[in-house]
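Report on one structure; see the data block that follows.
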Amino acid sequence: MSAKLVFQEEKNPRGIPKAPFIANVEEYLGGPDGAVETPLKNFQDAIAKYRYMDANLTQRRKGLEDKIPDIRKTLHMVEFLQEKREDRDKNDDLEDDLSDEENSDNPEKPLTTTFELNDTLFAEAELEDTDTVYLWLGANVMLSYKLSEAASLLRSKLDLAEASLKATIEDLEFLREQLTVMEVNTARVYNWDVKRRRERRLAGEANEK
Amino acid sequence: MASTTSSQPQQINVADLDLQQLSDVRRQLEEELNHLTNSFAQLKQAQAKFKSCIENVREIKPQNKGTTILVPLTNSLYVPGHLSDAENVIVDVGTGYYVKKSRAQATKYYETKVEYIRTNLDTLQETIQKKQENMSYLVNVMQAKLQQSQTQPTKV
């Protein structure tokens, strides 16, 4: 009969198949005697796939939304260190907590900061005047970079993450649309089947009379 | 459900309850038990955190000021530096207050916290145990009832 593929049309830029909207159910099923079980099952499979993709993308989006502010903060910090090195001026506190603020004009004075030892525990430290910073890249990997390299690395990471986030959000919207189209298709095929059964039953009764 | 004259969670005349009510009570007890066990785990976590804080304070002590450390500026940015103040640490005491304490004071503070949690844990442990006993008693009664109803299907 008509075991047409559900996905035979275009895909969106990232390979998510587009769901075809079935305008004419009868034609799709191949005439008034078309089987509905197979198409219905295919639709259900497609809906399950869409839902799975939706869950994946939502997770990915959440991860990105968490990472991006972190990268921004780190980039901001590196830029700040760069500035300080270039200007050798006394700037604001690095941390919001109690850090020593001595407003001397001595350009060689190193920065003091309070840093986090533990969730509720902080200690004071002096930062050396160096142009090397260490970036934690995850997976037990930490590399040292010159300030400028660190800044450009962070900038590119940030851009990548933001682009990825944008793409993921687009994909999510696209998925929602396709999911709705699929559910509408399922409903229409099912209703058409119900109607057909009713007509057959009425025709059968009329014949018996 | 049939209430009792005692204020204990255990029903004294539990034998009067039918199976349905018994299973309801059992479900309720299970929920409470779950909740208490979760709280217990959370308290244990908090206690472990405070214990590690004590460790951290201890770390600051033996180090002399000149040792180079990597100072975290954000959670992925570290800058080399050294301790400027090896005698005081800053402790978050809650509601947005941060107090600069000496090492000894900070250690004492955390140890008090750990002790407080320990007493809470003990109390919680007792409560959990009592609930578990209630549960097993209830299950016994349920089984007895089940057997009873099976051997006397026409019991009125």
Options B:Ile128, B:Ile90: the member that is more than 10 Å from chain A (Cβ to nearest Cβ), surrounded by 14 or more Cβ atoms within 10 Å (Cβ to Cβ), over 27 Å from A:Asp131 (Cα atoms) and under 28 Å from the mean Cα position of the chain (by Cα)
B:Ile128
Determine, yes or no, whether A:Glu208 is without any contact (Cβ under 8 Å) to a residue 40 or more places away in the chain, over 30 Å from A:Thr58 (Cα atoms) and among the acidic types (Asp, Glu).
yes
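For (1) among the polar types (S, T, N, Q); (2) more than 7 Å from chain A (Cβ to nearest Cβ); (3) within 29 Å of A:His76 (Cβ to Cβ); (4) touching a residue at least 40 places away in the same chain (Cβ under 8 Å), each residue gets a yes or a no:
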| residue | (1), (2), (3), (4) |
| --- | --- |
| B:Arg27 | no, yes, no, no |
| B:Glu32 | no, yes, no, yes |
| B:Thr37 | yes, yes, no, yes |
| B:Leu70 | no, no, yes, no |
| B:Pro80 | no, no, yes, no |
Matching option when the condition is over 14 Å from A:Glu116 (Cα atoms) and exposed (fewer than 12 other Cβ atoms within 10 Å of the Cβ), among B:Thr107, B:Thr95:
B:Thr95
Is it the case, given these coordinates, that A:Ala125 is touching a Ser or Thr at 6+ places or on another chain (Cβ under 6 Å) and either within 13 Å of chain B (Cβ to nearest Cβ) or buried (at least 16 other Cβ atoms within 10 Å of the Cβ) (or both)?
yes
Count, please, the residues in segment B:68-83 that happen to be buried (at least 19 other Cβ atoms within 10 Å of the Cβ) and not β-branched (Val, Ile, Thr).
6
Among strands (runs of 3 or more DSSP E) entirely within segment A:95-179, at least 2 residues that are of a type in the set (Lys, Arg) and modelled with pLDDT of 90 or more occur in none
Verdict on B:Thr119 being exposed (fewer than 14 other Cβ atoms within 10 Å of the Cβ) and at pLDDT 90 or above
yes
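The values are calculated or read from the model by the stated rules, or taken from the named source; none is laboratory data. If you're wondering where the values come from, they're calculated on a predicted model, not measured in any experiment. Backbone-built Cβ (ideal geometry, glycine too); neighbour counts: all protein chains shown.
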